[in-house]
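The structure appears right after this line, and notes come after that.
The values are calculated or read from the model by the stated rules, or taken from the named source; none is laboratory data. This one's a predicted model, so the numbers in the text were calculated from it and none came from an experiment. Note that we place each Cβ from the backbone using ideal geometry, even for glycine, and neighbour counts take in every protein chain shown. These accessible areas exclude ligands, DNA and RNA; they are computed on the full protein's heavy atoms, side chains included. Shrake-Rupley method; radii C 1.70, N 1.55, O 1.52, S 1.80 Å.
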Amino acid sequence: MGISKNPVLFLYILLAVISWNGLGRAQMIRMNVGYSAISGDAMPAWVAKDAGIFEKNGLDVQLVFFTGGTTAVMALVSSDTPIAQLAGPAVVNSVIAGSDAQLIVGGVTSLNYYLLSRSEIKTPEQLKGGTVAISRFGSASDFIARYALSKIGLNPGKDVTLVQIGSTTARVDATLTGRVQATVVNPPASIIAQKRGMNVLADLPKLGLVYQHTAAATTKKYIREHRDIVMRYVKSQLEAVHRIYTDKEASIRALARFIGRNLDREVLEQTWENMRSEAVLPKKQYPSVEGLKTILAAEPKGKSFKPEDFFDASFVKELDQSGFTDGLYKKR
C-alpha cells in the first residue's frame, strides 16, 4: 500500500518532517551583530552573512548598522549586540573607560584610508583654515585624520578644525557639498570620491603604519557565558576571510548587497582587490599587538595598559593550532 493510500502513515511522516525542520531551526542561535562602517572593512561579516557561512555554523545573524564605532561599542557593552565589528580605538577607549570589551579576531590590521579633499584643494597648504570631517571624536576616523594631517605638516586643532559628521557617506557628501573641505575614508567610498573629483592629500596605506582597525569584538562576560557561540562566530570569520581571498563573485555579491547594487562593477572589484592582502586582512586573524601599541601611544591614559588587555586570541589560536585555518587554504 502506498503512502498516499494510507492517511495515518502520511500524517506520521508529515509530522516527523515538521518536527525535524523545527528542531533544525531551534538549534540555530539567533543574534544581533553590529557593524559601524559601510566599507570594505566590514566584508568578513557581510560575506559570512550573504554566503550562508553564519548559518553553516549554526548562527542566525542579524546585522545591525551603527553610524560610528562609539555608538556600536555602547550597544556591545549593553548586550544589545553581543558581537560587533569595531575599530580598535572604539574598543581601547571603552576598556580604558572601564568596560570589559574584548577583540576576538584581528580583522583589518592596517590604515586602509585616504585623506581626500575637495577638487579645488590640491595641496596641504590650501587646507589650512579649513575643516575635516570625522565620524566621532575618539573614533578610528578621528585618530586617522589627526595622523594623516600631521604627516602632511598640518596641526589638527590649530591649522585645521575637526568636525563630527557621522557615517562615511555623510562625510563624503559633506565634503562634496562644501560643508567641510576634506575627510578620511576608505574603499569603496575613497574610490567613488576620487571618481567625483576629490583629491588625495594623504595615502595612508603607503605610510606603512601598523594599526588594529576593524575587527570582531565582544565582552569578557559574553565569552564566559557563551564561549561556544563566540567560537562559532570566530570560525565563521575565518571562513569568510578565506572566501574573500578565493571567491571573487561571492565577495562582489556581498559588497553589492550591503553597499549598493547600483555601484559600478569596477568600484566593487577594486574594493575587493584592496582587501586581499596579508597587510590588510591577515588569513590567521590574530589581533595585532603592534597595531594596538600604535593606538595606545596616542591615548593619554594608554601608558597604564598593555595590548593584551584588549583582546582574547584563544579562539583564533585554537583554530590555528588544530589545523583548521591552514586547512581552509589547502582545499581545492
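Just checking, which of Leu263, Leu328, Leu292 is out of contact with any strand residue (DSSP E or B) (no Cβ under 9 Å at 6 or more places or on another chain) and part of a helix (DSSP H, G or I)?
Residue meeting the stated conditions: Leu328.
Quick one: which of Ser150, Ser135 is of a type outside the set (A, V, I, L, M, F, W, C) and surrounded by 19 or more Cβ atoms within 10 Å (Cβ to Cβ)? Write out each step before concluding.
Numbers: Ser150 fails: surrounded by 19 or more Cβ atoms within 10 Å (Cβ to Cβ).
One residue alone meets the criteria, Ser135.
Give me the pairs: first residue in segment 52-68 and among the acidic types (Asp, Glu), second residue surrounded by fewer than 21 Cβ atoms within 10 Å (Cβ to Cβ) and assigned to a loop (DSSP other than H, G, I, E, B), beta-carbon distance under 8 Å, and six or more apart or on different chains, which are they?
Glu55/Met28; Asp60/Met28
Tell me which residues, restricted to segment 76-113, are among the small types (Gly, Ala, Ser), more than 14 Å from the chain's Cα centre (by Cα) and open to solvent by 10 Å² or more (accessible area, probe 1.4 Å). It would help to see each step written out before you state the result.
Pass one, segment 76-113, residues among the small types (Gly, Ala, Ser): 78-79, 84, 87-88, 90, 94, 97-99, 101, 106-107, 110.
Cutting the leftovers down to more than 14 Å from the chain's Cα centre (by Cα) gives us 78-79, 94, 97-99, 101.
Selection gives Ser78, Ser79, Ser94, Ala97, Gly98, Ser99.
Within segment 114-132, which residues are under 30 Å from Lys284 (Cα atoms) and surrounded by fewer than 22 Cβ atoms within 10 Å (Cβ to Cβ)?
None - no residue of segment 114-132 is under 30 Å from Lys284 (Cα atoms) and surrounded by fewer than 22 Cβ atoms within 10 Å (Cβ to Cβ), so the list stays empty.
Can you name the residue in segment 266-289 that is part of a helix (DSSP H, G or I) and not hydrophobic (A, V, I, L, M, F, W, C) and is also farthest from Thr325 (Cα to Cα) among such residues?
By that ranking, first place goes to Glu266.
Hey, any hits in segment 313-325 for a residue that's touching a residue at least 40 places away in the same chain (Cβ under 8 Å), surrounded by fewer than 13 Cβ atoms within 10 Å (Cβ to Cβ), more than 18 Å from the chain's Cα centre (by Cα) and not in a loop (DSSP other than H, G, I, E, B)?
Scanning segment 313-325, I find no residue that is touching a residue at least 40 places away in the same chain (Cβ under 8 Å), surrounded by fewer than 13 Cβ atoms within 10 Å (Cβ to Cβ), more than 18 Å from the chain's Cα centre (by Cα) and not in a loop (DSSP other than H, G, I, E, B), so the answer is no.
State whether one or more residues within segment 41-53 are more than 23 Å from Thr168 (Cβ to Cβ), open to solvent by less than 40 Å² (accessible area, probe 1.4 Å) and in contact with a Pro (Cβ under 7 Å, 6 or more places away or on another chain).
No, there is no match, as no residue in segment 41-53 is more than 23 Å from Thr168 (Cβ to Cβ), open to solvent by less than 40 Å² (accessible area, probe 1.4 Å) and in contact with a Pro (Cβ under 7 Å, 6 or more places away or on another chain).
Considering segment 230-253 alone, what residues qualify as being open to solvent by 20 Å² or more (accessible area, probe 1.4 Å), in a helix (DSSP H, G or I) and not basic (Lys, Arg)?
Our first condition is that a residue be open to solvent by 20 Å² or more (accessible area, probe 1.4 Å); within segment 230-253, this holds for 231-232, 235, 242-243, 245-249, 253.
Next cut, in a helix (DSSP H, G or I) only: 231-232, 235, 242-243, 245-246, 248-249, 253.
Of everything in segment 230-253, those that are open to solvent by 20 Å² or more (accessible area, probe 1.4 Å), in a helix (DSSP H, G or I) and not basic (Lys, Arg) turn out to be Met231, His242, Tyr245, Thr246, Glu249.
Please specify each residue of segment 260-308 satisfying the condition of being surrounded by 14 or more Cβ atoms within 10 Å (Cβ to Cβ), among the basic types (Lys, Arg) and under 16 Å from Pro89 (Cβ atoms).
Selection gives Lys293 alone.
Working carefully through the options Asp41, Asp60, Asp80, find the one that is modelled with pLDDT under 95 and either part of a strand (DSSP E or B) or within 17 Å of Gln237 (Cα to Cα) (or both).
Result of the check over Asp41, Asp60, Asp80: Asp41.
So Met198 passes all but one of these: (1) modelled with pLDDT of 95 or more; (2) within 19 Å of Val267 (Cα to Cα); (3) open to solvent by 20 Å² or more (accessible area, probe 1.4 Å). Which condition number does it fail?
(3)
With the requirement that a residue be more than 18 Å from the chain's Cα centre (by Cα) and either crowded, with 24+ Cβ neighbours inside 10 Å or in a helix (DSSP H, G or I) (or both), what does segment 205-221 give you?
Within segment 205-221, Lys206, Leu207, Lys220, Lys221 meet the criteria.
Looking at Thr218, Thr183, can you tell me which residue is farther than 25 Å from Ile165 by Cα and touching a residue at least 60 places away in the same chain (Cβ under 8 Å)?
Values: Thr183 fails: farther than 25 Å from Ile165 by Cα.
Of the residues listed, the single one that is farther than 25 Å from Ile165 by Cα and touching a residue at least 60 places away in the same chain (Cβ under 8 Å) is Thr218.
So how many residues does segment 278-302 have that are over 16 Å from Leu103 (Cα atoms) and either acidic (Asp, Glu) or free of Cβ contacts under 8 Å to residues at least 40 places away in the same chain (or both)?
Residues that pass the stated criteria total 4.
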